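The structure appears right after this line, and notes come after that.
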Amino acid sequence: VQLQASGGGLVQAGGSLRLSCAASGRTFSSYAMGWFRQVPGKEREFVAAISWSGGNTYYADSVKGRFTISRDNAKNTVYLQMNRLKPEDTAVYYCAANRGSNWRTMESNEYDYWGQGTLVTVSS
């Protein structure tokens, strides 16, 4: 599976962005998907995960109530809608595919494929 993330950019605090991650291949629905983020000098941080069909979602406490993960298996795409953005949300955001049984894992080493990252900058 190859993943291509897009949608990052510069936004003011309180604003919104929607990230997209397009996957290649015909087995997209067999992967749970996740979003992570990373700030230079820090470890990659779990943001959200979604189950294979999209019926279940899981969020880090820091984004719960502000971010929404969704997927469209017909389009081989996963999304991250980010609302009420804060300066501390500034990071490179990565999408990832997990072929294991634990769809809601927060551990980056349990994800098998990664997108290239898209930069989100939130100004105060």
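The values are calculated or read from the model by the stated rules, or taken from the named source; none is laboratory data. It should be emphasised that the depicted structure is a prediction, and the values quoted were computed from it without experimental measurement. Heads up, the Cβs are rebuilt from the backbone with ideal geometry, glycines too, and the neighbour counts pull from every protein chain shown. Just the protein is used for accessible areas: all its heavy atoms, side chains included, with ligands, DNA and RNA removed. Shrake-Rupley method; radii C 1.70, N 1.55, O 1.52, S 1.80 Å.
Sequence gap at least 6, Cα distance under 8 Å: using those rules, report the relative contact order of the chain to the nearest whole percent. It comes to 36 percent, rounded to a whole number. Equivalent-ellipsoid semi-axes for the stretch 1-95 (Cα gyration tensor, √(5λ), whole Å, largest first): 22, 14, 13.
Alpha-carbon geometry of the stretch 1-54: the Rg and the Dmax are 13.4, 38 Å, given in that order.
Please report, as a whole percent, how much of the solvent-accessible surface of the chain comes from carbon and sulfur atoms (probe radius 1.4 Å).
On the way: 2840 of 6340 Å².
C and S atoms contribute 45 percent here.
Hull volume per residue, based on the alpha-carbon atoms of the stretch 52-124 and their convex hull, is 108 Å³. Per residue, the chain exposes 51 Å² of accessible surface when a 1.4 Å probe is rolled over the protein heavy atoms with every protein chain present. Quick check: Cα centre of the stretch 109-124 to Cα centre of the stretch 13-47, how many Å? Centre-to-centre distance over Cα atoms comes out at 5 Å. Here each label is just a point 7 Å from Cα along the line to Cβ, and for SER16 and LEU119 those points are 2.5 nm apart.
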